[in-house]
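Nothing in this text is a laboratory measurement; each read-out follows from the coordinates by a stated rule. This one's a predicted model, so the numbers in the text were calculated from it and none came from an experiment. Every residue, glycine as well, gets a Cβ built from its backbone with ideal geometry; the counts of neighbours run over all protein chains shown.
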Amino acid sequence: MAFRHKNTRRIEGLDSNVWVEFTKVAADPSIVNLGQGLPDISPPSYVKEELAKAAAVDRLNQYTRGFGHPSLVKALSQVYERVCGRKIDPLTDILVTVGAYGSLFSTIQALIEEGDEVIIIEPFYDCYEPMVKMAGAKPVFIPLRYKNDGNSASSADWAELANKFNSKTKAIILNTPHNPIGKVFTREELQVIADLCIKHDTLCISDEVYEWLVYKGNKHIKIAMLPGMWERTITIGSAGKTYSVTGWKLGWSIGPPNLIKHLQVVHQNTLYTCPTPLQEALAQAFWIDYKRMDDSDCYFYSLSRELESKRDRMAQLLQEAGLKPVIPDGGYFMIVDVSTLNVDLSEVDEKQPYDYKFVKWMITSKKLSAIPLSAFCGPETKRQFEKYIRFCFIKKDSTLDAAEAILKNWNKQTA
Amino acid sequence: MLRRAGPSLRHFLLEGKASAGYSSYSSEAKMSKPVQARRLEGIDKNIWVEFVKLAATYSTVNLGQGFPDFPPPDFLKEALVKALSGENHMLHQYTRAFGHPPLVKILAQFFGKLLERDLDPMTNVMVTVGAYQALFCCFQAFIDEGDEVIIIEPFFDCYEPMVKMAGGMPVFVPLRPKAPKDGKLMSSADWQLDPAELASKFSERTKAIVLNSPNNPLGKVFSRGELELIADLCVKHDVLCISDEVYEWLVYDGKEHIRIASLRGMWDRTVIIGSAGKTFSATGWKVGWTVGPNRLLQHLRTVHQNSVYHCATVAQEAVAQGFQRELRLYGKPESYFVQLPKELQQKRDWLVQSLDAVGMKPIIPEGTYFLVADISQFKSDVPDVPDSDEPYDSRFAKWMVKNKGLAAIPLSAFYCGAHKNNYNHFIRFCFAKEEATLKAANDILQKWKQEKTSP
């Protein structure tokens, strides 16, 4: 009897999930939570007001257009036309999804299947691997290697990357600004990837959820705007990251109609529409900021400035505790090598990598949470990154104060 | 670092050019294969995309797509406002992936009471983006290539493409109309499964059966006897039951909605699906749920965490408040679950009268907010086109919305391709509409009838 009700092959081995594990542990309110990437700062007040306004309109409590609420896709097309400098059709070039997560899923289900290979740059946002597997395809990993020249993180070994492409390569997943490392891929780096995509006729799935969060000296460049790339790229964005409303779960995919139409087919056969009042509110928020995209007080830029100072503070706290954080050029995460703390966990006999054990230990004994970096690595690379943990710094001052207190007292409590 | 990368990048590109021959072969090989995955084959068409567009363009009275044109109840709107205006701005951030704790707790309590079972909110309940996503999770979790899934016709149209997308094989079995008693209008109860026919559809490849009661589009509320018939077959063949019960509160004439999971041997093999959209007249909130045993729900959780992962927080918070209220008022006259079906029954009766008066023959639904009418006596404006691919009712519905401004959905939309012409003289109306809307529909119908009968 048990056999008949077994899970399908497509989800075999995909049941464990770092977030399910760690968000449960960190849910204790006495723990200073710098783990999961969710802001504890408030979204801007006009964003919250727009939702209240939208929910008061009767019609907006019922179904809207499946592929995206008309006023939202219109607003998105305007904002991104301005950013990209090209025409974007709201009806054919955009799909609104349940978070960027939903966009990744729709893209992969639409365009990836058994027999395909998908290149994933490590470390990677952890869902890419199971989503590629669930589509029946083979993930092919290539690690970013840390160049220890002081500032920002890493670069790919480009010859190594070229070797990963072959006739089966259907897509490469790009994440810039990068989670967890915070790398902002440069134009030159994107050009290398683009050249490979064109040469091998490969698609590019570009996860750009942190697109507005780039710090001084860096510029977010859209790979879809490089020559030859628009027709083969799906660019993914997120309301949660743009407006600090991760709980709204709205994201979008932008691309050419001949690709987006397949994402739309997946969407109409998976959840059909996204919630209406949230989409309307998001549309209104976008109009407000669209009108001030030339002003520095546009939320897209003001949030970035706010986060840059939090980044600098976080880095300082960690440095004062004797750690060497990798300063991110973008995003709201910071990774740090904890081996200098010399926490001996060899008696913890779980088969987990060091960083998993470290974070669990840190949560219970220091009341501070983070996410182990090996969660973002493929099987071959886990050992390489197992001394790193990831902190999230989109946190209010009192949270960072509490983290500071823990880090200052760290050495006093360790034997 | 960039400057160091510069020369090596140029070096790399030159290398690239040298292997031009290989690259063009691989490009051509790719170009001959479609870009999209095979799982999308045959599932790209969607009746709603077409009919929603038609309704938006032409209709003055929209009785097509299934959503209320009246607002959600005040207490639900207030719950949302309260959630938004509160101090807790964390309601704008991620909540628990498998369901916001206040919501899964109240759902476990509520459905535990209805099923007379102790339910664990963490393992026996999962929240989804509408019932639609719950269905998707079920098919992805349990249907592998080659698995058969029994679907009772007419069916909510998404079941078929979802089964196909999962690589499964839909196996259809029709509800067959029995002639009503002399002079009476047909009831949805008159559409029945033939027990022998149903039994013949079960094979060793049958993985699941999809049950939708109350049934969209017919409005049929499966009786205990009918559910026992299905349950016995499920137990005998060790088959799963995906039970779509989104219209569970919309039952009329004192009928009872019976949950198949409460029948013997069924809890362990059933996933129950529900919808806040239908329960609270808020289809645009897209909050649904699954209830079932952990050994089945664990696999739904795996699909969910690898597809959407979280559902929107604030809507879940408000729905939780809504359920709290309904638990307090359960069975009492002020309960929304008592008031809504009462109101809708009146609207149903009103529309039945309207349609009957003009010669369209309504099939009186026992539940849901849909009713299906037989247009074979009424159809003369839209001639038969014998060799047409498109079923008659579809052409009729399109003609009607364009020429009369009245939107409805052809019944053939709810049948598989091979069976679309079996019942092609029926159209489905949604009556979850304000009195003014139903009156306007009546005016259109009356005028239309007069035009047909006047010389």
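Go through B:413, B:436, B:426 and say which Cα lies farthest out towards the positive end of the charge dipole of the stretch B:354-455; charges sit on Cβ, +1 for Lys and Arg, -1 for Asp and Glu. The Cα lying farthest towards the positive end belongs to B:436. By the rule of a C-alpha distance below 12 Å, with chain neighbours fewer than 8 residues away ignored, the aspartates and glutamates paired with residue A:408 are A:320. When each of B:262, A:71 is scored by the number of other beta-carbon atoms lying within 10 Å, the sequence from fewest to most is B:262, A:71.
Between the Cα long axis of helix B:20-32 and the first principal axis of chain B there is an angle of about 10°, rounded to the nearest 10. Across chain B, the mean sequence separation of Cα contacts (distance under 8 Å, 6 or more residues apart), normalised by length, yields a relative contact order of 22 percent.
Which percent, nearest 5, of DSSP beta bridges in the stretch B:147-214 are antiparallel?
Working: 2 of 12 bridges.
If I count the DSSP bridges inside the stretch B:147-214, around 15 percent turn out antiparallel.
Cross-link partners for residue A:199 among the aspartates and glutamates, with Cα-Cα distance under 15 Å and sequence neighbours closer than 8 places in the same chain left out: A:231, B:15, B:28.
With the charge dipole of the stretch A:45-291 set up from +1 on Lys and Arg Cβ and -1 on Asp and Glu Cβ about the Cα centre, the Cα lying farthest toward the positive end among the listed residues A:217, A:158, A:196 is that of A:217. Across A:348, A:118, A:18, mean-square fluctuation computed from a Gaussian network of chain A (C-alpha pairs under 10 Å connected) peaks at A:348.
For each pair in A:48/B:113; A:133/A:222; A:87/A:170, compute the distance between the two Cα atoms and list the pairs where it is over 28 Å. Going by Cα-Cα distance, A:48/B:113 fall outside the 28 Å limit.
The alpha-carbon of residue B:105 sits under 19 angstrom from the alpha-carbons of these aspartates and glutamates, leaving out residues fewer than 8 places away in its chain: A:28, B:116, B:118, B:120, B:317, B:326.
For a paramagnetic label modelled at 7 Å from the Cα of residue B:236 toward its Cβ, which residues of the stretch B:172-187 fall within the zone defined by backbone nitrogen distances under 11 Å? Answer for the stretch B:172-187: none.
Put simply, the amide H of residue B:364, placed in the peptide plane, has neighbours under 5 Å in B:186, B:187, B:188, leaving out anything fewer than 5 places away on its chain.
As a quick test, which of the pairs B:184/B:447; B:201/B:286; B:201/B:398 have an alpha carbon distance above 28 angstrom in this structure?
Working: B:184/B:447 25 Å; B:201/B:286 33 Å; B:201/B:398 34 Å.
Checking Cα-Cα distances, B:201/B:286; B:201/B:398 exceed 28 Å.
Remark on residue A:141: its backbone amide H falls under 5 Å from those of A:120, a criterion applied only to residues 5 or more positions apart or on other chains, H modelled at 1.01 Å from N. Residues whose amide H lies under 5 Å from that of residue A:367, counting only those 5 or more places away or on a different chain, are absent; hydrogens are built 1.01 Å from N in the peptide plane. So for chain A, averaging the separation of alpha carbon pairs under 8 Å that are six or more residues apart and normalising by length, what relative contact order in percent results? After rounding, I find 23 percent. Which value in nm describes the separation of the simple spin-label points at residue A:365 and residue B:295, placed 7 Å from the Cα toward the beta carbon? Modelled inter-label distance: 4.1 nm. Cβ-to-Cβ counts within 10 Å put B:317, B:145, A:306 in ascending order as B:145, A:306, B:317, the fewest first. Label reach from residue A:45 (point 7 Å along Cα→C-beta): in the stretch B:61-89, amide nitrogens under 16 Å belong to B:84-89. Phi angles of the stretch A:386-391 translate, via the Karplus equation with coefficients 6.51, -1.76, 1.60 and θ = phi - 60°, into HN-Hα couplings of 6, 9, 9, 10, 10, 9 Hz per residue; Gly and Pro are given as x.
Within the stretch B:260-354, report the trypsin sites (Lys or Arg not before Pro) that DSSP leaves as loop and that have at most 14 other Cβ atoms within 10 Å. Of the trypsin sites (Lys or Arg not before Pro), the ones in loops of the stretch B:260-354 whose Cβ has at most 14 other Cβ atoms within 10 Å are B:264. Restriction of the GluC sites (Glu not before Pro) in the stretch B:323-387 to DSSP coil positions whose beta-carbon has at most 13 other beta-carbons within 10 angstrom yields B:334. Rounded to the nearest 20 debye, the dipole magnitude of the stretch B:74-329 is 420 debye, with +1 charges on Lys and Arg beta carbons, -1 on Asp and Glu beta carbons, and the Cα centre as origin. Against the main long axis of the alpha-carbon atoms of chain B, helix B:130-142 sits at an angle near 60°.
Based solely on its DSSP helices, what 222 nm [θ] is calculated for the protein assembly as shown when runs of n ≥ 4 H residues each add -39,500 (n - 2.57) and the sum is averaged over all residues, nearest 500 deg cm²/dmol?
On the way: 28 runs with 355 residues, N = 870.
For the protein assembly as shown, the value works out to -13000 deg cm²/dmol.
How many Cβ atoms of partner chains, on average, are near each residue of A:163-173 if near means within 10 Å of its Cβ? Intermediate results must be reported in sequence, preceding the final value.
Values: counts 0, 0, 2, 2, 7, 3, 2, 4, 0, 0, 0.
That works out to 2 on average.
For the pair the stretch B:157-174 / the stretch B:385-455, the C-alpha centres are spaced 26 Å from each other. Each Cα pair under 8 Å and six or more residues apart adds its sequence gap; the mean of these over the residue count of the stretch A:1-120 is a relative contact order of 14 percent. Dipole of the protein assembly as shown computed with +1 at Lys/Arg Cβ and -1 at Asp/Glu Cβ about the Cα centre; of A:325, B:40, A:250, farthest Cα towards the positive end is A:325. Could you compute the FRET efficiency for residue B:169 and residue B:117, with r as their C-beta to C-beta distance and R0 at 51 Å, rounded to 0.05? With R0 = 51 Å, the Cβ-Cβ based efficiency is 0.95. Think of each Lys and Arg Cβ as +1 and each Asp and Glu Cβ as -1; about the Cα centre, that makes the dipole of the protein assembly as shown roughly 640 debye.
Round to the nearest 0.05 the FRET efficiency obtained for residue B:446 and residue B:262 when R0 = 41 Å and r is the Cβ-Cβ distance.
Details: r = 45 Å, r/R0 = 1.10.
The pair residue B:446/residue B:262 has a calculated efficiency of 0.35.
Need the C-alpha centroid separation for the stretch B:192-210 versus the stretch A:376-415, integer Å. The two parts, judged by their Cα centres, are 56 Å apart. With the simple spin-label model, which puts each label point 7 Å out from Cα in the Cβ direction, the residue A:398 to residue B:74 separation comes to 3.6 nm. Here each label is just a point 7 Å from Cα along the line to Cβ, and for residue A:167 and residue A:348 those points are 4.8 nm apart. The mean number of Cβ atoms from other chains found within 10 Å of a Cβ in peptide B:93-99 is 6, as a whole number. Here A:225, B:126, B:165 are placed in order of increasing Cβ neighbour count within 10 Å, fewest first, which gives A:225, B:165, B:126.
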